[in-house]
Amino acid sequence: MYDDITVILPTLNEARSLPILAGYLLRKYPGIRVIVVDDGSSDGTRRKAMAMAKRNKSLRFYDRKRYGLEKGLTNSIIYGISKSRTRFVIAMDADLQHPPELIPKIVDSLRSGCEIAVACRSTVVGWELYRKIVSKILISIGYAVLIMRGSARCDDIFSGFFGTKRSLFIKEQRLRGAAFIGPGYKVLFDLLKQLPAGSVKTCSIPYVFHGRKYGKSKAGATQAFFLLKSFLS
């Protein structure tokens with residue numbers, strides 16, 4: 001049973017992939033909870049999420065645009081975790097780039113005492129050369145920031161697919177909320193930089209990262225700006 005797990009799915013125009021992923025999670029992992037947090041989709045994502053929530057009480061949907069809340073993937077994940085009630089939470093993208101088959105390994109790591117279990121991209125498939133180069137440069141800067149701060153680290157500090165103890169995340173976000181760059185998209189990095197090295201047990205689960213099947217990437221200059229802001233906060 002997975003009744004101690006909530007999966008947080010932040011969405012922005014994921015109408016094609018969300019039903020596939022959410023349906024898989026609910027069928028495959030009995031007792032699991034799924035929270036979908038939408039950030040202003042215009043492609044039918046909200047309609048499909050609401051329909052799924054009506055059919056299955058294990059899935060809840062929150063429309064942040066309806067309440068006029070600040071946009072951003074990190075903001076969506078923070079909001080979703082605040083609405084969860086299980087011991088553990090797992091954040092993952094809704095675009096099918098993160099394989100849901102890794103959920104059992106992440107859960108096993110958390111239940112075995114790991115406080116942050118990270119799905120780490122051992123190989124990236126489908127990225128252009130320039131994107132790989134830019135990514136490596138930013139990752140190197142990120143590691144340098146964490147080392148200089150004496151912060152916790154893992155094998156993939158920018159992973160968007162990770163699990164943690166709900167209480168740990170809530171505590172750090174409430175204590176140091178300004179350090180979490182809400183409009184940004186590297187919430188794991190924002191969490192790690194607040195934790196002293198050796199203060200938490202991190203675990204790594206490697207996987208092959210593939211390109212999107214549906215939709216468009218949100219990566220761009222704006223997100224790069226917020227990442228640089230995260231480096232300095």
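Against the condition among the aromatic types (Phe, Trp, Tyr) and open to solvent by 40 Å² or more (accessible area, probe 1.4 Å), how does residue 29 come out, does it pass? No.
State which residue is least open to solvent (accessible area, probe 1.4 Å) when the search covers only region 65-87 and only residues that are basic (Lys, Arg) and over 22 Å from residue 158 (Cα atoms).
So the first thing to find is which residues in region 65-87 are basic (Lys, Arg), and the list is 65-66, 71, 83, 85, 87.
In the following step, the residues that additionally are over 22 Å from residue 158 (Cα atoms) were identified as 65-66, 83, 85, 87.
Details: 65: 125, 66: 184, 83: 66, 85: 175, 87: 149 Å².
By that ranking, first place goes to 83.
Being under 12 Å from the mean Cα position of the chain (by Cα) and either at positive phi or not in a helix (DSSP H, G or I) (or both) is the filter here, so list the residues in region 73-96 that pass it. Of everything in region 73-96, those that are under 12 Å from the mean Cα position of the chain (by Cα) and either at positive phi or not in a helix (DSSP H, G or I) (or both) turn out to be 89, 90, 91, 92, 93, 94, 95. For the condition open to solvent by 30 Å² or more (accessible area, probe 1.4 Å) and under 18 Å from residue 80 (Cα atoms), residue 62 qualifies.
Out of curiosity, is residue 146 touching a helix residue (DSSP H, G or I) at 6+ places or on another chain (Cβ under 8 Å) and either in contact (Cβ under 8 Å) with a residue 12 or more places away in the chain or over 20 Å from residue 8 (Cα atoms) (or both)? Full working, then the answer.
Values: touching a helix residue (DSSP H, G or I) at 6+ places or on another chain (Cβ under 8 Å): yes; either in contact (Cβ under 8 Å) with a residue 12 or more places away in the chain or over 20 Å from residue 8 (Cα atoms) (or both): yes.
Yes: the conditions hold for residue 146.
Is there a residue in region 63-78 that is under 28 Å from residue 104 (Cβ atoms), free of Cβ contacts under 8 Å to residues at least 60 places away in the same chain and not hydroxyl-bearing (Ser, Thr, Tyr)? No - not one qualifying residue is present in region 63-78.
Report whether or not residue 13 is open to solvent by 10 Å² or more (accessible area, probe 1.4 Å), assigned to a loop (DSSP other than H, G, I, E, B) and out of contact with any Cys (no Cβ under 8 Å at 6 or more places or on another chain). In short, yes. Among the helices (runs of 4 or more DSSP H) confined to region 121-214, the ones with at least 3 residues that are open to solvent by 60 Å² or more (accessible area, probe 1.4 Å) are located at 129-149, 166-175. A Cβ distance below 6 Å, combined with a sequence gap of six or more or placement on separate chains, defines the contacts here; from region 24-46, residues that are within 9 Å of residue 13 (Cα to Cα) reach residues that are assigned to a loop (DSSP other than H, G, I, E, B) and open to solvent by less than 30 Å² (accessible area, probe 1.4 Å) in the pairs 43/15; 44/15; 45/14; 45/15. Can you go through 94, 51 and tell me which one is at pLDDT 95 or above and touching a helix residue (DSSP H, G or I) at 6+ places or on another chain (Cβ under 6 Å)? Going through 94, 51 in turn, the sole match is 94.
The values are calculated or read from the model by the stated rules, or taken from the named source; none is laboratory data. Quick caveat: nothing in here was measured; it's all calculated off a predicted structure. In this analysis, Cβ positions are derived from the backbone assuming ideal geometry, glycine residues included, and neighbour counts consider all displayed protein chains. Surface areas here come from the heavy atoms of the whole protein model, side chains and all, with no ligands, DNA or RNA. Shrake-Rupley method; radii C 1.70, N 1.55, O 1.52, S 1.80 Å.
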